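Please treat every number below as a calculation from the coordinates, not as lab data. Here the structure is a predicted model, which means the values were calculated and not measured. Here Cβ is always computed from backbone atoms with ideal geometry, including for glycine, and neighbour counts include all displayed protein chains.
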Amino acid sequence: MKERNKHAEPEWICSKCEVPLQKGKVNVAYMQGMFPVDLHKCPACGQVFIPEDLALGKMAQVEKLLEDK
Amino acid sequence: MEQEELRKLEDQCIQEHAPACAAACPIHVDVRAMAAEIARGNLKEASKILKKTVPFPGIVSRVCDAPCEAVCKRREAGTAISIRGLEKACIDWAGDLPQKIAVLPGRNKSVAVVGGGMSGLTAAFDLSKKGYSVVVFEMSGNLGGSLWNFSEEALPRDVIAGDLQALEEIGVEIRLDVTVGADISFGDVCAKYDAVFLAPGSSPRDTFGLKLDAEGGIEVDPVTFATEREGVFAGGGARRGIGERSLIQSISEGRRAAISIDRYLQKVSLSASRIQEGAYTTRLYTSTEGIEPLSTVPMADPQKGYSLEEAVREANRCMRCECLECVKVCGYLHSFKRYPKKYVREIYNNLSIVMGNRTGNKLINSCSLCGLCREVCPEGLHMGTVCKAARAVMVNQGRMPPSPHEFPLRDMDFSNSEKSALTRHQPGMAESAFLFFPGCQLAGSSPEHVRRVYDLLAEKLSGGVGLMLRCCGAPADWSGRAERFQDVLRDFSKQWREMGKPQLILACSTCYEIFKTHLPEAVISSLWEVLDALKLPDAAVRTPAPEIVAVHDACTTRHERHIQESVRRILARLGFKVEELPLSGEKTECCGYGGLMFFANRELAGEVIRRRIQESPVDYVAYCAMCRDYFARMGKRTFHLLDLIFGAPAEVAARRGPGYSSRHENRARLKESLLKDLWGETPDGEDGIEAFRLVVPNDVRPIMEDRLILDDDLRKAIDYAEKTGIKLLNPRTGRILAHFRPTSVTYWVEYSAQGDEFVIHNAYSHRMEIVEDARP
């Protein structure tokens, strides 16, 4: 898992649309704040991919900061 | 929290109060800081500290009557520090050249000082430094007054001359051989100068026609030293009888009179906020328990005083008096690196902040609320009360971050949901004299114990023993959710009333505390008292186990000595010898679960558990399921008291408690099996989602535990992905990655289907919400 996260392109494809994911802007929200983030998502249905290292790293840090705002 | 309440709390913490020595010193030399510098060999810094307060350090360090030494706490562990000896070492070994004394710019006001003794000269020194023109009238041919009564050996004359030279350097005008009242009239002095300080020594020849006190001295205000005549102040030996003569007291009075004169000339209040001037008794508490007694370092040459090396050794005896009683025993208070006075201020600020970061959130949410601080605090300050009240305020303000408490609150909701909550009279009975309430954690951790205890109570007690499986609401109470807590309590209370208000038998001391506090009309007993009174168990059940065990008292029994005693009597009946941990009984420690510390600050909880389990090498006995499981999880062999009562094999002390998902399952299964076995009822049909099986490999389970992810969360995510087709696929491995947000957390699960089972490969979560995402 860890190793794979280092690659720029994820191995995941959208299972429904059967197409590779592409980078794009996605809005994420927490504690009355909304931020655009560059994430991989399905170009067809919009399904978003958040990798483990992002969820447990940067995202968790920002969550903590917003909780203490 | 109101300002006034904050001040009250701050005042209860005495850590910042002066050490006994500095408080007893009429001019408050910072002895502790000075000794600390000497101990480090830093005599120059030490000398600066001394000279900052002492006007004539050469003289004072030789002949001060040292009231500080009489109250030195070192006397309780050896002999008092030779403070005067250390002061002299500062002068002798600092190696600094005489420093230029800073003088403020002239103020165009003049002061006459009548009398060249120590109080007069101190006033002259202080006022001159403040920029006033000062003239000293001395009737004799020498300055120094009673200093000349000391022998040359005790106080060499060149030391007097050296110190007093400073007066001329800063511009004090000295008029020797001038007697005010004879050579120059008192009226002329008063007319010519803007203020007058009368310090005519211990045998005044003249009281200048001023009002006298009962002892015949000039009557003055005891705080400001003002006489009845405006602009005229009096102090020094003139005011004290013979025998009370004190060099440092005279200096102190001169200094306090100078403060008054400065205020008088600046036309501000003479009396406002003049606290702790002169000697006083400090409120600082310093324990000398466990401190190795040490005696004064002798001087190789008493004539010369301490050598540098001797002074360093003597200064090292100083205990640097401080309190920190609570910080010493509490891992939480210790971990934030300060002490309650600072903490309450930080908490207050955190609650009043409008913009900016709330840096106190973690401080507020990390406390276990266990109250050990209050037990050891000389003033009874309880940080738990402060933190708990602060949490409630944060919840009301809508400022409580969701992450610390959401998981345990969900756990509470699960315990009180249809899946695991149960209330019944004893099978075959229509009423209950008793109601056994095992608590959510015992049901989650050791459901088999719940069953055994219930069977036992039903057999031994008459009048009917009902059973109630629920959570008492402690997580809501601890986390400041007053409304949610009241909801839980209301539901409980309603059912309890419907059962005819039976006497509660509580296996968990947290439930005991909650009901004792919030349901005072209920008659409550701890399970341990009940078993103790029933003379249970029979010693026969004892299986091979260690001879000696150490009891860890649950922190919620702190003031329930009767429960603690029952536990010990039960252990004695079982044939165990009980070892008392250093902190037990009313001074017991929390296991890291109390106050939801574990969820708010996991690192700290780990540290708290580590500290606790290192207190003794023998096996522990806990009578709270959480305490037991937390200790065992960190590798400490710990029995639950019920393990011993029911004769479980010795290896159960090492078993790790079940994980979060298993706890849920245990509660649900307990309800199910009890309903079937005891009441012959079959629960309603099974929920569709729970029908499909998850396979969680051994290397994935700890990851889920660490990330507080339940099987149920993953089931929901998989169910959603399989029903909607919204999932990601790894074409190389064939694995699926799906995500789902049931309420406030998004769960990600990597899995593969195997027949009708799902094998979990990984799971993680985040709280941020993806605003645009694929919709079904």
Exercise. In which sequence would B:Thr510, B:Thr282, B:Thr288, B:Thr227 go, from the one with the fewest C-beta neighbours within 10 Å to the one with the most?
Worked result: B:Thr288, B:Thr282, B:Thr227, B:Thr510
Problem set entry | Within straight-line cross-link reach of B:Lys304, lysines at Cα separation under 16 Å, skipping those fewer than 8 residues along the same chain | B:Lys88
Seminar exercise, completed: Extend 7 Å from the Cα of B:Thr733 along its Cα-to-C-beta direction; within the range A:10-27, residues with backbone N under 11 Å of that point are A:11-12
Problem set entry | Where trypsin sites (Lys or Arg not before Pro) fall in DSSP loop in the range B:1-88, at most 15 other Cβ within 10 Å | B:Arg40
For this session: List B:Asp411, A:Asp38 from most exposed to least, where exposure is judged by having the fewest other Cβ atoms within 10 Å.
Result: A:Asp38, B:Asp411
Exercise. Lysines within cross-link reach of B:Lys723: Cα-Cα under 26 Å, excluding same-chain residues under 8 positions apart?
Worked result: A:Lys16, A:Lys41, B:Lys419
Problem set entry | Helix-only mean residue ellipticity at 222 nm for chain B, each DSSP H run of n ≥ 4 adding -39500 (n - 2.57), per residue, nearest 500 | -12000 deg cm²/dmol
Problem set entry | Approximate spin-label separation B:Glu379-B:Leu176, in nm, with each point projected 7 Å along Cα-to-Cβ | 5.1
Seminar exercise, completed: PRE zone check, label point 7 Å out along Cα-to-Cβ of B:Arg245, amide N under 15 Å, scope the range B:60-82, hits B:63-65
Exercise. Can you give the angle from 0 to 90° between the axis of helix B:447-460 and the longest principal axis of chain B, with both taken from C-alpha atoms, to the nearest 10?
Worked result: 80
For this session: Using +1 at the Cβ of each Lys and Arg and -1 at the Cβ of each Asp and Glu in the range A:2-67, identify which of A:Val37, A:Cys14, A:Leu65 lies farthest towards the dipole's positive end.
Result: A:Val37
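For the range A:20-61, go through all pairs of different Cα atoms, get the mean of 1/r, take its inverse, and jot down that Kirkwood value in Å.
Here the Kirkwood hydrodynamic radius works out to 11.0 Å.
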Exercise. Which pairs, out of B:Lys100/B:Lys130; B:Lys516/B:Lys587; B:Lys73/B:Lys587; B:Lys109/B:Lys129, put more than 18 Å between their alpha-carbon atoms?
Worked result: B:Lys516/B:Lys587; B:Lys73/B:Lys587
For this session: Take the alpha-carbon centre of the range B:653-676, take the same for the range B:151-221, and report the distance between them in whole Å.
Result: 87
Exercise. Once Rh is set to the Kirkwood radius over Cα pairs, what Stokes-Einstein translational diffusion coefficient, in µm²/s, holds for chain B at a temperature of 25 °C and a viscosity of 0.890 mPa s?
Worked result: 77
Exercise. Where Rh denotes the Kirkwood radius from the mean inverse Cα pair distance, what is Rg over Rh for the range B:110-265?
Worked result: 0.94
Problem set entry | Euclidean distance of C-alpha centroids, the range B:715-764 and the range B:298-333, integer Å | 64
Seminar exercise, completed: So the FRET efficiency between B:Ala650 and A:Gln32, C-beta based with R0 = 56 Å and rounded to 0.05, is 0.55
Exercise. Under unit Cβ charges (Lys, Arg +1; Asp, Glu -1), what dipole magnitude, rounded to 20 debye, does the protein assembly as shown have relative to its Cα centre?
Worked result: 1000
For this session: Work out, step by step, the length gained on full extension between B:Ala77 and B:Lys100: first 0.36 nm times the residue separation, then minus their alpha carbon distance; give nm to one decimal.
Result: 4.2 nm
Problem set entry | Principal-axis tilt of helix A:58-67 within chain A, Cα atoms, nearest 10 degrees | 30
Seminar exercise, completed: Relative contact order in percent for the range A:2-67 (Cα pairs under 8 Å, 6+ apart) equals 26
Problem set entry | Under 21 Å from B:Lys337, Cα to Cα: lysines that are on another chain or at least 8 residues apart | B:Lys328, B:Lys362, B:Lys388
Exercise. Contour minus end-to-end for B:Arg320 and B:Glu292, with contour as 0.36 nm per residue of separation and end-to-end as the Cα-Cα distance?
Worked result: 8.7 nm
Problem set entry | Model label zone, B:Ile275; criterion: amide N under 19 Å from point 7 Å along Cα-to-beta-carbon; scope the range B:24-44 | B:24-29
For this session: State, as an integer percentage, the relative contact order of chain B based on alpha-carbon contacts under 8 Å between residues 6 or more apart.
Result: 10
Exercise. Between B:Lys723 and B:Ile703, what FRET efficiency follows from the Cβ-Cβ distance if R0 is 22 Å, with the result rounded to 0.05?
Worked result: 0.30
For this session: With a cut-off of at most 13 other beta carbons within 10 Å, and DSSP calling the residue loop, which GluC sites (Glu not before Pro) in the range B:167-232 qualify? Please list them.
Result: B:Glu215, B:Glu228, B:Glu230
Seminar exercise, completed: Taking the alpha-carbon centre of each part, the distance from the range B:14-74 to the range B:338-352 in Å is 30
For this session: Taking the dipole about the Cα centre of the protein assembly as shown, with the C-beta of Lys and Arg at +1 and of Asp and Glu at -1, give me whichever of B:Asn42, B:Phe758, B:Asn316 is farthest to the positive side.
Result: B:Phe758
Seminar exercise, completed: Taking chymotrypsin sites (Phe, Trp or Tyr not before Pro) as exposed when in a DSSP loop with at most 15 other Cβ atoms inside 10 Å, chain B has its longest clean stretch at B:281-691
For this session: Compute the whole-percent fraction of alpha carbon pairs in the range B:690-766 spaced more than 16 Å apart.
Result: 44
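If you take the C-alpha gyration tensor of the range B:33-166, multiply each eigenvalue by 5 and take the square root, what semi-axes do you get, largest first, in whole Å?
Equivalent ellipsoid semi-axes, largest first: 29, 19, 14 Å.
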For this session: Find the Rg to Rh ratio for the protein assembly as shown, where Rh is the Kirkwood radius over alpha-carbon pairs and Rg uses the same atoms.
Result: 1.13
Seminar exercise, completed: Longest principal axis of chain B (C-alpha) makes with the long axis of helix B:602-613 (C-alpha) an angle, in degrees to the nearest 10, of 90
Problem set entry | Efficiency of FRET between B:Lys337 and A:Lys64 - r from beta-carbon atoms, R0 25 angstrom, step 0.05 | 0.80
Seminar exercise, completed: Simple spin-label estimate for B:Gln503/B:Glu431, 7 Å along Cα→Cβ, in nm, reads 1.5
